[in-house]
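Notes to accompany the following structure.
The values are calculated or read from the model by the stated rules, or taken from the named source; none is laboratory data. Owing to the predicted nature of the structure, the values given are computational and were not obtained by experimental measurement. No Cβ is skipped: glycine too gets one built from the backbone with ideal geometry, and neighbour counts run over all protein chains shown.
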């Protein structure tokens, strides 16, 4: 029961991240100016937001969150492959977010609230995966005191 609940929460967090990254992607591709302050504009206008081959960095985030949603739905339905994919995606996304926040703090010297929201979502996903791993023993047994009712 705990892994199912955690997977559902992960899917919801993934939806938040998808909307956040999707918004930034659409605005970037339309060439729209996002009104979020000078700091935010400095980050979104930096070379780091450009991504690869004309695909904005936020689009990679949206794709990753879309993959998280799919993996979480499969995990909630009991798929071992879905759980494994969720662990891998959440770990990679948390590490990439750590790097991107480092860039904001020490290279760009500005912070983007949308980017920080995405980082918070990815770190939340990593935390959920860690919690799920800690409360589920190798043979699928829950530790004493954490058994769902």
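Some notes on this structure:
- Unmet requirement for residue 42, which otherwise passes all of (1) in a helix (DSSP H, G or I); (2) touching a helix residue (DSSP H, G or I) at 6+ places or on another chain (Cβ under 7 Å); (3) closer than 30 Å to residue 130 by Cα: (3)
- One residue stands out in the range 104-113 among those that are assigned to a helix (DSSP H, G or I) and surrounded by 18 or more Cβ atoms within 10 Å (Cβ to Cβ): the one that is farthest from the chain's Cα centre (by Cα), namely 108.
- Residue within the range 82-103 that is at pLDDT below 95, surrounded by fewer than 19 Cβ atoms within 10 Å (Cβ to Cβ) and over 21 Å from residue 16 (Cα atoms) present: no
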